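Student: The structure's right below; bear with me while I get my questions together.
The values are calculated or read from the model by the stated rules, or taken from the named source; none is laboratory data. Since we're looking at a predicted model, the values are computed, not measured. So basically every Cβ, Gly included, is an ideal-geometry build from the backbone, and we count neighbours across all protein chains shown. Keep in mind that these areas ignore ligands, DNA and RNA; they rest on the heavy atoms of the full protein, side chains included. Shrake-Rupley method; radii C 1.70, N 1.55, O 1.52, S 1.80 Å.
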Amino acid sequence: MPKMHSRKVLALALCGLSAGFQARIVPRLPTALNLGLLNRGDKEKTDIQKMDKRGFPIGDPRAFGGTEDDLGLQVGPRMWRFPTSWPYPDDFYSINSTVSAAEYWAGDSTAKPAGPFIVGEDLEAMHAHLERHLPADARILDLGAGKVSPLPPTLAVKEVVGVSASEAEMAGNGQLSERVVVDLNALDLKLPFEDASFDAVVCVNTMEYLTDARAVFREVYRVLKPGGVCEVLFLSQGSYEGGEEATAKYWGEFTDAQKMYVAGTFFQFTSGGWSQLKGYDLSTISKPQEAEEEKNPLVAFFKGDKEDEKNADDKGLFAVSSVKAAKPPADASPMRRMQAGLWEEYSLLPDERRLCCERLYAQYQSLKAAGDEAGSEACVNGAEELGTLYDILEPMSKALPVPIRALLASNIAPALASPDSDREAVLAALKEGLGLTPPQDAFWKPLGEMTSELIAEDKIWLLVDFVPLFGKKEEGGGSSTRKQRLAEFPVALKAALECLDARFGEEDPVELGDKQLLAVELALTDFLLSPDDGESVESFTAWLSGGVTPDQLKTMLKERKAFTTSAKEKEKKKHADKELKLPVSRLTAKAKGARRQEAPETPV
């Protein structure tokens, strides 16, 4: 325990994490109930901000990514609005039943719902919808299969595989080619199918019984072929009796519009590879006249309170669908390849995927402009290393806000992907730098002590600068000058701090945090990364003591502080200006070890 405590203290000291810092970076997010379905950032917001009384948008969803043949489309692909992180509390999917799903559905409880559930006009609407959206001659997975198949009898299929917690539930389903018993609520769920082995997945009246929908839909994504569609259908609350004790907590509390939003999050928060996310109200197909009246405020006004007395049997049938996107070709744009590299990194939140791609692309552009083809390609391939880095950062997820994790991971990922880097050495250095493993007493411990007054952003940039250097391979093999300097860096940093103390006396005071920042910058660029093979701690100290004036040092400090300020301002403006380039490490953006040549010859 004492060792773990000391490592934790080191990590906090190095990363400068405080409650105030976290609050400043990541404000509290609204709940799903406050978010609604609409993206009010769209220019065409006048119509879509109008809601019918059920909470669905009145505007034409075809103007927001839908197509003319999208019958019953209620929410187009560009009308969804999701938060940056999973919006639901831990008990959101809790159920009332004390037995497992397998025991519940295999038992003889009279509380179990008795089908068929979708009948009459709704059944016709469902069959028509699936006939339009499912491919012919397909291998289809019926997730949560029951006694009756949801598939239209006229649909030509190659094979239909049913998955349910109970063999008895599937016994009477004549359309199933194969019946597989799997508890979808089991821990560490793994469907017994090969990757990309199904052309389509249907999930009808099943979402309300799932206790970890993200785990289920990660598996759905895995077994679905690129270009395959997943269809989630559900009925309004009260459309059938029974099953209440096995349904998730939210099911009896949410409206149909909110349930559609919940179904949308199944896709949004599993993989970045889902595309064409759409929501349908299929009751608008089976009851077109009532649907139009529902949208007409004048009709609703004259109906008055009678609208509240509608028959309890007048319920709706809804569908949410999404398509698994195909991987881009090798000659696709770098940004597209980076995005695709993150599709199956399930540990990253959607906003983290976006932030990481933006930062990797900024590095790519900088290195490409400098003619570094190997370095720019490592940025593209680095996207596939982010999952490994986020697994390492997971223990610190509550301490490191989303933008900080993205900054750290995206700047270290190219070092893991580079053939010129020792991958394991980079990972080991990251863990030590964060205090997740015992740090080197000769490096990370003194470095943490000598940078104790740096602000949090600069401590993160410190990790960004140093961690990749531990994996850098020397050209031609043999002894490493850079590795020798890396081992001597704490000595050079201490010497730099002592020199700055002497140069900035009581008559010309500089705050300790600023002196630490400047000392790190100078020791990094003019000692560790100096192009002079003969550079030593002594020669570096001699230059710092007499080769540069206090005014020149203040100019260097001003430039370094401006980098942090510029980085924060660009981060804030990025959403408004898509062409704005995010800052990259100074070691990537400028020539290395050129500080002495850049110092002005006369005092400023």
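Student: Filter the stretch 485-502 down to the residues that are in contact with a Ser or Thr (Cβ under 9 Å, 6 or more places away or on another chain) and under 11 Å from residue 519 (Cβ atoms), then identify the one that is surrounded by the fewest Cβ atoms within 10 Å (Cβ to Cβ). Break it down stepwise before answering.
Tutor: Narrowing the stretch 485-502 to residues in contact with a Ser or Thr (Cβ under 9 Å, 6 or more places away or on another chain): 485-486, 488, 492-493, 495-496, 498-499, 502.
Then keep just the ones that are under 11 Å from residue 519 (Cβ atoms); that gives 492-493, 495-496, 498-499.
Values: 492: 24, 493: 23, 495: 20, 496: 27, 498: 14, 499: 22.
Only one residue tops the list, namely 498.
Student: I would also like to ask the following. State whether the residues of the stretch 535-548 include one that is open to solvent by 10 Å² or more (accessible area, probe 1.4 Å), touching a residue at least 40 places away in the same chain (Cβ under 8 Å) and among the acidic types (Asp, Glu).
Tutor: Scanning the stretch 535-548, I find at least one residue that is open to solvent by 10 Å² or more (accessible area, probe 1.4 Å), touching a residue at least 40 places away in the same chain (Cβ under 8 Å) and among the acidic types (Asp, Glu), so the answer is yes.
Student: Give the stretch 149-180 a look and list any residue that's assigned to a strand (DSSP E or B) and either in contact with a Pro (Cβ under 9 Å, 6 or more places away or on another chain) or open to solvent by less than 20 Å² (accessible area, probe 1.4 Å) (or both), or say none.
Tutor: So the first thing to find is which residues in the stretch 149-180 are assigned to a strand (DSSP E or B), and the list is 157-164, 178-180.
Passing the criteria: 160, 161, 162, 163, 164, 180.
Student: Looking only at the stretch 464-481, decide whether some residue is among the small types (Gly, Ala, Ser), touching a Ser or Thr at 6+ places or on another chain (Cβ under 7 Å) and closer than 20 Å to residue 522 by Cβ.
Tutor: Pass one, the stretch 464-481, residues among the small types (Gly, Ala, Ser): 471, 476-480.
From what's left, touching a Ser or Thr at 6+ places or on another chain (Cβ under 7 Å): 471.
Applying the additional criterion that residues be closer than 20 Å to residue 522 by Cβ yields none.
Checked against the condition, which is being among the small types (Gly, Ala, Ser), touching a Ser or Thr at 6+ places or on another chain (Cβ under 7 Å) and closer than 20 Å to residue 522 by Cβ, the stretch 464-481 yields no hits at all.
Student: If we keep just the residues of the stretch 207-221 that are modelled with pLDDT under 95 and open to solvent by less than 10 Å² (accessible area, probe 1.4 Å), which is nearest to residue 265 (Cα to Cα)?
Tutor: So the residue we want is 213.
Student: Let me confirm something: among 262, 204, which residue is among the β-branched types (Val, Ile, Thr), closer than 25 Å to residue 127 by Cα, open to solvent by 10 Å² or more (accessible area, probe 1.4 Å) and in contact (Cβ under 8 Å) with a residue 12 or more places away in the chain? Let's see the steps before the verdict.
Tutor: On the way: 262 fails: open to solvent by 10 Å² or more (accessible area, probe 1.4 Å).
Only one candidate qualifies: 204.
Student: If you don't mind, there's one more thing I want to ask. State which residue is farthest from residue 323 (Cα to Cα) when the search covers only the stretch 129-154 and only residues that are of a type in the set (A, V, I, L, M) and at pLDDT below 95.
Tutor: From the stretch 129-154, those of a type in the set (A, V, I, L, M) are 130, 134, 136, 138, 140-141, 143, 145, 148, 151; that's our starting set.
So of that shortlist, the ones also at pLDDT below 95 come out as 136, 145, 148.
Working: 136: 16, 145: 21, 148: 25 Å.
Filtering first and then ranking leaves 148.
Student: If residue 364 passes every condition in (1) among the aromatic types (Phe, Trp, Tyr); (2) under 15 Å from the mean Cα position of the chain (by Cα); (3) part of a helix (DSSP H, G or I) but one, which one does it miss?
Tutor: Every listed condition holds for residue 364 apart from (2).
Student: What tally of residues in the stretch 376-392 results from selecting those that are surrounded by fewer than 24 Cβ atoms within 10 Å (Cβ to Cβ) and aliphatic (A, V, I, L, M)?
Tutor: 2
Student: Determine which single condition residue 199 fails, assuming it passes every other condition in (1) of a type in the set (Asp, Glu); (2) at pLDDT 95 or above; (3) surrounded by fewer than 19 Cβ atoms within 10 Å (Cβ to Cβ).
Tutor: (3)
Student: Can you tell me which residue in the stretch 447-473 is farthest from residue 421 (Cα to Cα), limited to those that are at pLDDT 90 or above and among the aromatic types (Phe, Trp, Tyr)?
Tutor: 466
Student: Would you mind finding the one in 188, 183 that is without any contact (Cβ under 8 Å) to a residue 40 or more places away in the chain and either more than 22 Å from residue 276 (Cα to Cα) or not basic (Lys, Arg) (or both)?
Tutor: Values: 183 fails: without any contact (Cβ under 8 Å) to a residue 40 or more places away in the chain.
The conditions single out 188.
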